[in-house]
Amino acid sequence: MAEQVGGQPTHSWDDWLSWYDQVSGQHNEADWPRLLLWQARDVVPVDVLRRAIATIWIDVSDGLVNLPNVDLPTYGGHTPSRLTPAEWNQLFERTGYISDENEDTGTGTCAKPTTLYRFAKHDRDPAKPGGEMGWSWTVSADAAALFEDWDSTSLRDGCLWKAANIDPAQLKAHLHTKPLPVLGYENEFVFEPTRAQLSHVMAVRNCAYSEHGAEAL
C-alpha cells in the first residue's frame, strides 16, 4: 500500500498531482508549499519531490519563503504558514539542484550565473533587509522589471536589486519552462542571497529603501 500524505497515496507523480488538485481547490496558494511539499518530504520519492518543488515554485505567486521583516498576508482571517529558509533548505538538500529546462529552447542545462536580479519591496525598517532577501531571481534587470506588474491589475511597489559574486552552491534550482508575455520563457533561479551580495539598482515605484535614504547594501 502506498504511504499517505493528507490521506492521499503519494508513491507516483500522478498520485502527487491528484493530491495537488485537491489541495489547490480547498486552500489558498500560500499554504500549498507546506501542505504539498513539507508534509510529503519523507514520503514521495526524490524524483517526485523534485518535480513537485518545480511545480509549486512556478505556480505560487504569493511568496514562498517566510522572511524576517516581511509581513505575512492574511486571507479571511487566516495567516498562511510559509516555509522558513531552514525548511526550504532541507527540501533542496534532499533533491539536490533542480534543473527544469524548456526542451523547445534546445539549450540543454543552462549555465549557473554569478549575477542575478530581482524586483522586490523593501519592507518596514530601511536599515533591515526586506523583500530583497527573497529567493526568486532572474538573469537581467529587464526581466526583473517585468515583475512590477506581474499577475496584477495594478503596479506593485518595489525596487530593482542585484546580487553579485554568487557561489554556484547557493543556487537551488533553475526554472525555465513558464512562457512570458515577452522575453520568451521565464528564466528564474532559486537562490538564497546574503545581505553582503545585494545592491540597490534602481527605485521603481514607492521604493521605501530610497525614500529613507539608506545606503546601498
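Just a few scattered comments:
- Spacing of the two label points (7 Å from each Cα toward its C-beta) at Glu101 and Thr74, in nm: 4.6 nm
- If you plug the beta carbon distance of Lys112 and Asp157 into 1/(1 + (r/R0)^6) with R0 = 35 Å, you get a FRET efficiency near 0.70.
Values in this text are rule-based calculations from the coordinates and carry no lab data. Note that this is a predicted model, so its numbers are computed, not measured. For neighbour counting, all protein chains shown are included, and Cβ atoms are generated from backbone atoms with ideal geometry for every residue, glycine included.
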